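Worksheet: the structure to be examined is printed underneath.
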Amino acid sequence: MRYMNRDAWLAVFLLLFTGFMFWASFDIREPDYGVLAPSVWPRVILALFGFLSVIFLVQSLRAGPGAAVEGEEDRPSSVKGYLAYWRNPIICFGLFAAYLALLPVLGMLLDGMAFVFVLLCALGGWSARDMAIHAAVAVVTVGGMWSLFTFGLNVLLPTGILVPGL
Amino acid sequence: MILENIMLAFGEVLTLKTFLLMMLGVAGGLIAGAIPGFTIAMAVVLTLPFTFSMPPSQGLATMVSVLVGGLSGGLMAGILTGIPGTPSSVATTFDGFPMARKGKPGLALGLGVWSSFCGGMISAVLLVTLAPQLARVGLEFQPWDYFMLVMFALTITASLAGKNIVKGLMAGALGLLVRTVGEDEAAGMARFDFGSEMLLGGFDFIAVLIGLFAFSQLLNDVRDPVLARKSLSDAGPIKARIEHRAAIREIARRWVIVVRSSFIGTFTGILPGAGGSVANILAYDQAKKSSKHPDKFGTGISDGIIAPESSNNAVEGGALITMMALGIPGDVTTAVMLGALLIHDVVPSPTFISEEPVLAYSIFIAFFIANFIMLFLQSGMLRVFILVTRIRMYFLAAVILGFCGMGVFALNNVDSDLWTLLWFGILGFLMRHFGFPLAPMILGVVLGNIAELNLARAMAIDESITPFFTRPWSLFFLIIALFSAMFPWFQAARGRKKWTLLYLPFACFAACLPLAMMAWQNGSVPRGIIAIVVVTSGAYILAQRWRSGWSLEAHAGPELSEK
């Protein structure tokens, strides 16, 4: 364990992933026809990926536990620090997941406006002035884009059960 | 026949609607290029959903316009604020910003705009002349050769994409693996579906591209809460008018730099994986080396703006040559263009130009016209582009994320694509965090099916793997794939280790073998001559290095890696 750094742990994870996918490749049915079985190409890729993961593991172990890892400079070490450091991306992912979950209820237009408005406020601030600007931006941009897709490109965007038709 | 196709292509492109869309595309590209942190590839990726409902020629003309606009947009931010809008404009800031600070922002902008235009036009001419010739060569490719070409494209992209080639190759392999999920094309058997309907259908690769590239890039841009709330460029009020006449005079006097840099750009673009960020540094370096006063570079001289701007605009002409002639994307942006062709049911391959001549010529013509539109818009809308750089990053991120959702849904009208976008957004973000380059993965996703299909065809013809090593083209791509895989080690050790002095001569000797085989098998005199030239060059370089006593000092050069 004392030789492990972040990249080494990642390499171990990738090796486990390769093993799991290789095991899953045995579920691929083999038809009686064709020369190249459907499982061959994925296995070739997985064998290569596994081989590269081993090289990556060796590289990481040789670098040692104290080695500076690419992209890891000035990063926090505690869980609280990580949460603060990654606050904005976590908010974005969380709100996007909520946007997808609420899509059948609100429909693309309202859901999109709500998503952009909440995300703007979460990233930019919740003061009354900010909220007014964010609301205007959300309505104009999402409304404009929705109109372009619906009326300009004739794309049927999903409607919600809350306000049918929108 | 060619004239007829050109006329038909003109008819397709020169409609009012297409022309207006191209204007919008160039303007969008210029704005995207002007915004630091907003890459050209991202602009092209985000344009893709709009083009879905358009006819192929119109959609591709719009995307080509975004591409041309994006390549030129970066110079404004670079010259006026010192922050390059795109990695393709990094070298422009070395002399552009000092010149602007010396009180000549109008001349600096003029040089940038006109060099971009000249670079674009020279590469457009090369595109029209070289692509059909290269496509003729491509017609010789059999499945073994095509499979190896894909492997070469992935290897060279991995080697140029980051500091660690292992990570680059792993990203490429992951991209290939992603493409295997769902029913396989040859036998229709389910792969890696784990009983899920969504996985059985496979991942829509446009949703994958937007997730990997745009989604993850935006989250990186807003990672720092303080920077996310700041304007992208906080420079004070900038008053500048482009000095066209003075710029044209300067460029006419330095036409050699323009032509040389445009050639560097075009041939860098032809190479899969190498793009504008490599070309602009290479051209700047060459201009400096061949200058009578290299010490003045970096102080705000014209040569330092003309060289990078001519080359970065010429890159896409080169990338389009590879895409249209061989069906292999030259970089991430042409990978997206290739995706656009696929969603219009056009399969890019060496037969593309002969089978779809009108569409091919439409792309050529669109590339020409887009350069003129770029020149016009950049001159007339300078203030708008400067204003755009004042937008706060979090506004852009939130609005574009909202748009991503709508655009991805519009592709197939299914919710599952939106989840694909989210999962691949997370994956792309994690890959960036762990230092894995995204370009090889994107190429892997785009080329995965092509590679598998050609492997299946090759195996159906001959179950032995020997033809991969005995067919000249296949062997040629294998050899250059191996040398390109070694390139990062060569680059890291160049100027420090003796073995690097042998890299280039040995690459020449090795590449000469399949060329000689082609000449021998086909009785082709030109290829025989090329083989002799290549082997002679290798021998000459080797002799020169031997004569200089294997000295290392003279062989350090610019670092070549895509940003």
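Considering only A:VAL58, A:VAL35, A:VAL105, give the residue with the highest GNM mean-square fluctuation for chain A, with springs between Cα atoms whenever their separation is below 10 Å.
A:VAL35
Which net charge results when you count Lys and Arg as +1 and Asp and Glu as -1 among the other residues whose beta-carbon is under 13 Å from that of B:ALA410?
Summing Lys and Arg as +1 and Asp and Glu as -1 gives -3.
By the gyration tensor of its Cα atoms, with a ≥ b ≥ c the square roots of the eigenvalues, what is the shape of segment B:441-539: rounded for a/c under 1.5, prolate for a/b over b/c, or oblate?
Cα axes put segment B:441-539 in the oblate bin.
Relative contact order of segment A:81-152: what whole-number percent is it, with Cα pairs under 8 angstrom and at least 6 residues apart?
30 percent
Per residue of segment B:213-224, what does 6.51 cos²θ - 1.76 cosθ + 1.60 with θ = phi - 60° give for ³J(HN,Hα)? Whole Hz please, x for Gly and Pro, Karplus curve as stated.
Residue by residue, segment B:213-224 yields 9, 6, 4, 5, 5, 4, 5, 5, 5, 9, 4, 7 Hz.
Over 25 Å between Cα atoms, which of B:LYS104/B:LYS292; B:LYS167/B:LYS230; B:LYS296/B:LYS498; B:LYS289/B:LYS498 qualify?
B:LYS167/B:LYS230; B:LYS296/B:LYS498
Work out how far the C-alpha atoms of the protein assembly as shown reach from end to end along every principal axis, then list the three figures in whole Å, largest first.
Principal-axis extents of the protein assembly as shown (Cα, largest first): 75, 72, 66 Å.
Could you work out how far apart the two model spin labels at B:PHE434 and B:THR129 are, taking each label as a point 7 Å from the Cα in the direction of the beta carbon, and quote it in nm?
It is 4.8 nm.
Out of every Cα pair in segment A:81-152, what percent are spaced more than 15 Å from each other?
More than 15 Å apart: 58 percent of the Cα pairs in segment A:81-152.
Would you work out which of B:SER159, A:MET108, B:CYS118 lies farthest towards the positive end of the dipole of the protein assembly as shown, given +1 charges on the beta-carbon of Lys and Arg and -1 on that of Asp and Glu, about the Cα centre?
My answer, from the dipole projection, is B:CYS118.
Based on the inverse mean of 1/r over its pairs of different Cα atoms, what is the Kirkwood hydrodynamic radius of segment B:99-204, in Å?
One over the average 1/r among Cα pairs gives 18.7 Å for segment B:99-204.
Between segment B:73-108 and segment B:420-496, what's the alpha-carbon centroid distance in Å?
35 Å
Can you work out the FRET efficiency for the pair B:LEU20 and A:ARG129, with r the C-beta to C-beta distance and R0 = 35 Å, to the nearest 0.05?
Once the sixth-power term is evaluated, E becomes 0.45.
Note the full-extension length gain between B:ASN412 and B:LYS230 as 0.36 nm times their separation in residues minus their Cα-Cα distance, in nm to one decimal.
61.9 nm
Label-point separation (nm) for B:TRP546 and B:ALA492, each offset 7 Å from Cα along Cα-to-Cβ?
Computed distance between label sites B:TRP546 and B:ALA492 equals 3.1 nm.
Put +1 on the Cβ of every Lys and Arg and -1 on every Asp and Glu Cβ in segment B:483-555; which of B:LEU504, B:GLY538, B:TRP550 then has its Cα farthest towards the positive end of the dipole?
Towards the positive end, the residue furthest out is B:TRP550.
May I ask you to sort B:SER302, B:SER53 by Cβ crowding, counting other Cβ atoms within 10 Å and putting the fewest first?
With the fewest neighbours first, B:SER302, B:SER53 line up as B:SER53, B:SER302.
Extending each Cα 7 Å along its Cβ direction at B:ASP462 and A:VAL44, get the distance between those two points in nm, one decimal.
Roughly 1.5 nm, to one decimal.
Arrange the following residues from fewest to most other Cβ atoms within 10 Å of their Cβ: A:MET131, B:MET374, B:MET431.
Fewest-to-most ranking of A:MET131, B:MET374, B:MET431: A:MET131, B:MET431, B:MET374.
Residues in segment A:98-112 near a label at A:VAL163, defined as backbone nitrogen under 12 Å from the 7 Å Cα→Cβ point?
A:106-112
May I ask you to list the aspartates and glutamates whose Cα is less than 14 Å away from that of B:LYS288, ignoring any residue fewer than eight positions away on the same chain?
B:ASP95, B:ASP303
Give me the dipole magnitude in Debye, nearest 20, for the protein assembly as shown about the Cα centre, with unit charges on the beta carbon: positive for Lys and Arg, negative for Asp and Glu.
Dipole about the Cα centre, nearest 20: 3000 debye.
Can you classify chain B as rounded, prolate or oblate using the Cα gyration tensor, where a ≥ b ≥ c are the square roots of its eigenvalues, rounded means a/c under 1.5, and otherwise it's prolate if a/b beats b/c and oblate if not?
rounded
Take the alpha carbon atoms of segment A:43-166, find their radius of gyration, then divide it by 2.2 N^0.38 Å using N residues; give the quotient.
1.60
For chain B, what does the relative contact order come out to in percent, with C-alpha contacts under 8 Å and a separation of six or more?
Averaging sequence separation for qualifying contacts and normalising by length gives 25 percent for chain B.
Near B:LYS497, which aspartates and glutamates are there with a Cα under 12 Å away, not counting those fewer than 8 places off in the same chain?
Cross-link targets: B:GLU553.
Classify segment B:483-555 from the C-alpha gyration tensor, please: rounded if a/c falls under 1.5, else prolate or oblate depending on whether a/b exceeds b/c.
oblate
Given B:MET42, B:LEU67, B:GLY103, which one lies farthest toward the positive end of the charge dipole of segment B:17-150, if we put +1 on the Cβ of every Lys and Arg and -1 on the Cβ of every Asp and Glu?
Of B:MET42, B:LEU67, B:GLY103, it is B:GLY103.
Quick note: the coordinates plus some simple rules give every number you see, no bench work behind them. Values in this document were obtained by computation on a predicted structure and should not be read as measured data. Please note: Cβ atoms are built from the backbone with ideal geometry, for glycine as well, and neighbour counts cover all protein chains shown.
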